[in-house]
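Asks: Below are the structure tokens for one structure; questions will follow.
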Number of protein chains: 2
Amino acid sequence: MSAMNLQVLLASRPKTVVEVGNFNIVETPVPEPKTGEVLVRNHYLSLDPYMRGRMSDAKSYAAPVAIGEVMVGGTVGEVVASNNAKFKTGDKVAGYFGWQLYGISDGTELQIVDDSNVSLSAYLGVLGMPGVTSWVGLLDICAPKSGETVLVTAASGAVGSAVGQLAKIHGARAVGIAGGPEKCRYVVDELGFDACIDYKAGKLWEDLKAATPKGIDCLFENVGGEIFDTLLARMNPFSRIAVCGLISQYNGEPYAMKNIRSVLINRVRMQGFIVFDHLPRWPVALQELREHVACGRIKYRESIAEGLRQAPSAFIGLLQGKNFGKQIVKLI
Amino acid sequence: MSAMNLQVLLASRPKTVVEVGNFNIVETPVPEPKTGEVLVRNHYLSLDPYMRGRMSDAKSYAAPVAIGEVMVGGTVGEVVASNNAKFKTGDKVAGYFGWQLYGISDGTELQIVDDSNVSLSAYLGVLGMPGVTSWVGLLDICAPKSGETVLVTAASGAVGSAVGQLAKIHGARAVGIAGGPEKCRYVVDELGFDACIDYKAGKLWEDLKAATPKGIDCLFENVGGEIFDTLLARMNPFSRIAVCGLISQYNGEPYAMKNIRSVLINRVRMQGFIVFDHLPRWPVALQELREHVACGRIKYRESIAEGLRQAPSAFIGLLQGKNFGKQIVKLI
């Protein structure tokens, strides 16, 4: 075989912001599957904010990527060689092969997926980790009652867009926060949120009061920092916060939060969560999500970078909020 | 009747710290009970940090005391005249008559208490609102498992001392934070905590690591500010925080918290609570507390100010951490 594997390695840890120089792109031979193993050609790579945490060696919920290792990440692709009875050549599979064209697996953490009705790439987004994250954080942790107000930050993103649509399906009022008028129009006009606040418009508190006349009952927090601090002051008594991500705080010094007092005054329940702690909920979440996607009740949008060599710059753009919808890298 | 009532009124709202000038002490006639009402001569007044919030008109979980009104507060005393069949002269009662010698009640929110085995004043502390606060926050919200580490701030206070002793009874390791070596000795030697950290010693983080070698599983937070921020960085995965009070933040600008990221990284559940939202739990809490107090498993200490005219300065001392144990004002 003359085909070569292409891999993106972590070359160095970011001091503050991520730079393309933190990555190293190398060509390596395509690995050979041993007994019990399968070789997968990846078609799409998912780029997600959590990867910023893995680039750092600060204490976190998962071990960091080692210098010189392939960057971690979710992938979907096709089995091209199999020594494992559970998989055959041509099977479409979702796995965690990271930032590379080929991957080897012994079959654990590898799922056969059906792309006859939906795009294969959907298994990286609304039918994958981001979709289940939305479902667990909204329905298990925030648990909105009908008529309550759900606010979600990064509302046009992979997680946020599903949160708002699920909130509407479950009878809540959905309000998003996104960056710029184009994303906000998409959130309201295409996704069907009740309102969307453009945080770049510079009057977050005024716009927030107008969009949440009855305050916030459920906050699905993806962003952190000054926006989160402002939202805390708008929480209702007995409200719930699912802390899913703090993307604005991944670079450098943490933002100093001034409104924690709201947690006491309003008897707020704030819960940090990681979707991988909730594995028993994945099947029920995915079943509901699949039904909603299949009949068009949940829409999604992808931002596609062409080719693995674009992954570093696409990832940097994601951290800066430049993507519009789920950030994917197309590998074929 | 020549006896006069003495009342402490809210004269003005504190701009930053509370001053004696924020109160006004007046003599007024003893009120006459109407049909269905009882007149109570208060024997003890409870002073508690939550009263600081009622002096302010910032949005909070309870309406502020109006200027010119009697300061709110829990009291215990004796029925001296009754037009209500449920109460007779001589009954000992716990109620919410506020900062005054006499009070009138129609019988709602008035409980007959038995002071044959315990001091009447205990119904303002370990057998009253502070005791139930400890019980609900520790057992319902933090829910420590046997062997876990419970940390409580303001550990020598009315709430904190019961939290640590309940934690020990339920099989957890109890670590306190208090101000000064005398309070810390009391917490360890008399209350039986496993360790106590003197936050005034100036090396909180080092002392915290030494006292919590396995991190913190349950945090019962009474203080807020820099101490709370430091503790956040010591929380274990899947740990719980009961936010009961933020006494250090009641004056002036809020402290800016830098370690909220720990909530996400460690999947912390942080819950603000007010004991009056948990009325159905009061009877079971008080029954357990009464048993522990009766057989000496839970000890308590009181700091007693003599006479209602001392209430303002005693309250200011409480906010500065000068009290040692439950702050009471003796009215007889």
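Asks: What is the spin-label model distance, in nm, from A:LYS330 to A:THR230 if the labels are put 7 Å beyond Cα along the C-beta direction?
Replies: Distance between label points: 3.6 nm.
Asks: In addition: If each DSSP helix of 4+ residues adds -39,500 (n - 2.57) and the sum is divided by the residues in the protein assembly as shown, what number results at 222 nm, nearest 500 deg cm²/dmol? Walk me through the numbers before you get to the answer.
Replies: Values: 18 runs with 144 residues, N = 664.
Calculated mean residue ellipticity at 222 nm is -6000 deg cm²/dmol.
Asks: Count of lysine pairs in the range B:129-276 with Cα atoms under 27 Å apart, counting only pairs 8 or more residues apart in sequence or on different chains?
Replies: 20
Asks: Still on this structure: Report, as an integer, the average count of C-beta atoms from other chains found within 10 Å of each Cβ along B:57-66.
Replies: What the average comes to for B:57-66 is 2.
Asks: Here's another thing I want to ask about it. Viscosity 0.692 mPa s, temperature 37 °C: give me the Stokes-Einstein translational D for the protein assembly as shown in µm²/s, with Rh taken as the Kirkwood radius over C-alpha pairs.
Replies: Details: Rh = 27.7 Å.
For the chosen part, D equals 119 µm²/s.
Asks: May I pose another question? Whole number please: convex hull volume per residue of the Cα set in chain B, in Å³?
Replies: Normalising the Cα hull of chain B by residue number yields 130 Å³.
Asks: In addition: With labels modelled as points extended 7 Å from the Cα through the Cβ direction, what inter-label distance (nm, one decimal) is found for B:THR28 paired with A:ILE169?
Replies: That separation, rounded to one decimal, is 5.9 nm.
Asks: Another one. Could you list which residues have their amide H under 5 Å from that of A:GLU69, counting only those 5 or more apart in sequence or on another chain, with H placed in the peptide plane?
Replies: A:LEU10
Asks: Determine the gain in length on full extension of the stretch B:GLU291-B:ALA63; use 0.36 nm per residue of separation and subtract their C-alpha separation, reporting nm with one decimal.
Replies: 78.6 nm
Asks: Along Cα-to-Cβ, 7 Å out, sits the label point; list in nm, shortest first, how far the one on A:LYS299 is from those in the other copies.
Replies: 6.9
Asks: Please compute the net charge surrounding A:ASN117, taking Lys and Arg as +1 and Asp and Glu as -1 over other residues with Cβ under 13 Å from its Cβ.
Replies: -1
Asks: Antiparallel versus total DSSP beta bridges in the range B:219-332: what percent is that, nearest 5?
Replies: If we restrict to bridges inside the range B:219-332, about 0 percent are antiparallel.
Asks: Quick one: check the C-alpha center-to-center distance for the range B:208-222 versus the range B:62-107, whole angstrom.
Replies: 40
Asks: In percent, what relative contact order does the range A:235-322 have, based on Cα pairs under 8 Å that are 6 or more apart in sequence?
Replies: Relative contact order comes out at 30 percent.
Asks: Only bridges with both residues in the range A:110-269 count here: give the DSSP antiparallel percent, nearest 5.
Replies: Of the beta bridges lying entirely in the range A:110-269, close to 0 percent run antiparallel.
Asks: Here's a follow-up. Within straight cross-link reach of A:LYS88, meaning Cα distance under 17 Å, which lysines are found once same-chain residues fewer than 8 apart are removed?
Replies: Here the lysines satisfying the reach criterion relative to A:LYS88 are A:LYS34.
Asks: If you average the sequence gap of Cα pairs under 8 Å that are 6 or more apart and divide by the length of chain A, what percent do you get for the contact order? Write down the numbers at each step before the final one.
Replies: On the way: 742 pairs, mean separation 57.3, N = 332.
Reported relative contact order: 17 percent.
Asks: Any idea what % of Cα-Cα pairs in the range A:243-291 are farther than 18 Å?
Replies: In whole percent, the share of Cα-Cα pairs in the range A:243-291 beyond 18 Å is 57.
Asks: Could you work out the relative contact order of the range A:129-276? I mean the mean sequence separation of Cα pairs under 8 Å and 6+ apart, divided by the number of residues, in percent.
Replies: With pairs under 8 Å counted, the relative contact order is 22 percent.
Asks: Moving on to the next point. Looking only at Cβ-Cβ distances, which cysteines of chain A have no other cysteine closer than 4.7 Å?
Replies: A:CYS244, A:CYS295
Asks: Kindly express, to the nearest 10 degrees and within the range 0 to 90, the angle between helix B:282-294's C-alpha long axis and the longest C-alpha principal axis of chain B.
Replies: Helix B:282-294 and the main axis of chain B meet at about 80 degrees.
Asks: What fraction of the DSSP beta bridges in chain A is antiparallel, stated in percent and rounded to the nearest 5?
Replies: 55
Asks: If you look at just the Cα atoms of the range B:129-276, how large are its Rg and its Dmax in Å?
Replies: Answer for the range B:129-276, Rg first and Dmax second: 13.7, 39 Å.
Asks: Calculate the spin-label point distance for B:THR89 paired with B:SER12, positioning each point 7 Å from the Cα along the beta-carbon direction, and give it in nanometres.
Replies: 4.4
Asks: Kindly put A:VAL263, B:VAL20 in sequence by how many other C-beta atoms sit within 10 Å of each C-beta, fewest to most.
Replies: Neighbour counts put them in this order, fewest first: B:VAL20, A:VAL263.
Asks: Hey, can you grab everything whose amide H is under 5 Å from the amide H of B:LYS326? Only 5+ residues off in sequence or another chain; H modelled, so Pro and N-termini drop out.
Replies: Result for B:LYS326 returns B:ALA158, B:ARG301, B:GLU302, B:SER303.
We did not get these values from a lab; they are worked out from the coordinates using the rules stated. In this text the structure is predicted, and so the values were computed from the model without any measurement. Positions of Cβ are generated from backbone atoms using ideal geometry, with glycine treated the same way; all protein chains shown enter the neighbour counts.
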